[in-house]
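The next block holds one structure in the form of structure tokens; read it before the comments.
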Amino acid sequence: MDPKSLFSLSDHLAALSKEGDPLEVLQETVDFEYFRAWLVEGLGYGDGSKGGRPPFDPVMMFKALILQAQHNLSDARMEFMIRDRLSWLRFLGLSLGDRTPDENTIRHFRNRLTETGTLRRVMKAFDW
């Protein structure tokens, strides 16, 4: 990658911050780690002994669901928007080139939390 492009990306993100990126305000206002234990419990993740690809961070996925709800996006559109928007990547703790959740992963995550009643619980706490 061209070193100039790395500085350009950094400058671009700094400009977003200077203009008042609302996602940075949200990140500073809400302690998203507060939800981690509830999310992990609700998802029922195993110990990884069966192998397979490790799951995405549950807090990052919860933040993605918040963005999706705020913008009323389908799972397919959410997949695109995560890849497309630098401010969303930054809010989710992802970098350019990182693996991002696809629409099936987003749907599966939301459905699992819904089945266990966890989604209602964490969204109620988030709204509070």
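The values are calculated or read from the model by the stated rules, or taken from the named source; none is laboratory data. Remember, it's a predicted structure, so these values are computed and weren't measured experimentally. Positions of Cβ are backbone-derived with ideal geometry, glycine not excepted, and every protein chain shown enters the neighbour counts. Please note that ligands, DNA and RNA were not included when accessible areas were found on the heavy atoms of the full protein model with its side chains. Shrake-Rupley method; radii C 1.70, N 1.55, O 1.52, S 1.80 Å.
Within the accessible area of the chain, what % is carbon and sulfur when the probe is 1.4 Å and the other protein chains stay in place?
53
Taking trypsin sites (Lys or Arg not before Pro) as candidate sites, keep only those in a DSSP loop with at most 16 other Cβ atoms within 10 Å, then name the longest stretch of the chain containing none of them.
1-49
Please give the per residue accessible area of region 24-120, computed with a probe of 1.4 Å over protein heavy atoms only, in Å².
Value returned for region 24-120: 59 Å² of accessible area per residue.
Taking Cα pairs under 8 Å and at least six residues apart, what relative contact order does the chain come out at, in percent?
Relative contact order, the chain: 30 percent.
Using only the alpha-carbon atoms, what does the chain span along each of its principal axes? Please give whole angstrom values in decreasing order.
46, 37, 25
What does the charge add up to near Trp128, with Lys and Arg as +1, Asp and Glu as -1, over the other residues with Cβ less than 15 Å from its Cβ?
Combined, the nearby Lys, Arg, Asp and Glu give +1.
Treating the beta-carbon of each Lys and Arg as +1 and of each Asp and Glu as -1, no other charges, what is the dipole magnitude of region 23-128 about its Cα centre, to the nearest 20 debye?
240
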